[in-house]
Amino acid sequence: MLTVYGIKNCDSVKKALKFFKEHNIETELFDFKKETPSPEKIEMWVKKAGIDKVFNNRGTTYRNLKLKELNLNEAGKIQWLCKELMLIKRPVIEYKDMVIVGFNEEIYKKTFL
């Protein structure tokens, strides 16, 4: 069973869950509104996928927190990811030894089918 990390009202998470359902791949949703991933897990995502894939610097949360003004380095970004989960690009999926961030149907087809 795959764990999809995100929030259920996120469009990208909805697309990912729909993709998995259409291809009969069992999933469970780890909802950031109800649960918090450990700092170690978030650091592992960054290590495997890269900070630019995991850290969402285009969203409302990033703008509202005025993080652009802080010129954060990778360590600073990881600290923010751990305390403000809405800065994590969604969905995050751990599969085999990979971490896949976001929804891209072509990548999903190559990876999961």
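Values computed for the structure shown
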read-out: Residues of segment 87-99 satisfying the condition of being touching a residue at least 60 places away in the same chain (Cβ under 8 Å) and of a type outside the set (Lys, Arg); value: Ile88, Pro91, Val92, Ile93, Glu94, Tyr95
read-out: Selected residue (criterion: surrounded by the fewest Cβ atoms within 10 Å (Cβ to Cβ)) from residues of segment 100-113 that are in contact (Cβ under 8 Å) with a residue 60 or more places away in the chain and part of a loop (DSSP other than H, G, I, E, B); value: Leu113
read-out: Residue in segment 92-99 that is in a helix (DSSP H, G or I) and either out of contact with any Leu (no Cβ under 8 Å at 6 or more places or on another chain) or of a type outside the set (Gly, Ala, Ser) (or both) present; value: no
read-out: Hits in segment 26-58 - residues which are surrounded by fewer than 14 Cβ atoms within 10 Å (Cβ to Cβ) and either farther than 19 Å from Leu81 by Cα or touching a residue at least 12 places away in the same chain (Cβ under 8 Å) (or both); value: Glu26, Glu28, Lys33, Thr36, Pro39
read-out: Wholly within segment 7-54, helices (runs of 4 or more DSSP H) carrying at least 2 residues that are at pLDDT 95 or above, closer than 18 Å to Glu106 by Cβ and of a type in the set (D, E, K, R); value: 11-22
read-out: Residue that is surrounded by the fewest Cβ atoms within 10 Å (Cβ to Cβ), among those in segment 59-84 that are charged (D, E, K, R) and closer than 20 Å to Ile42 by Cα; value: Lys83
read-out: Residues of segment 55-85 satisfying the condition of being among the aliphatic types (A, V, I, L, M) and outside any helix (DSSP H, G or I); value: Leu65, Leu72
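The values are calculated or read from the model by the stated rules, or taken from the named source; none is laboratory data. Computed from a predicted model, the values in this text were never measured in an experiment. Because the Cβ atoms are built from the backbone with ideal geometry, glycine has one as well, and the counts that use them run over all protein chains shown.
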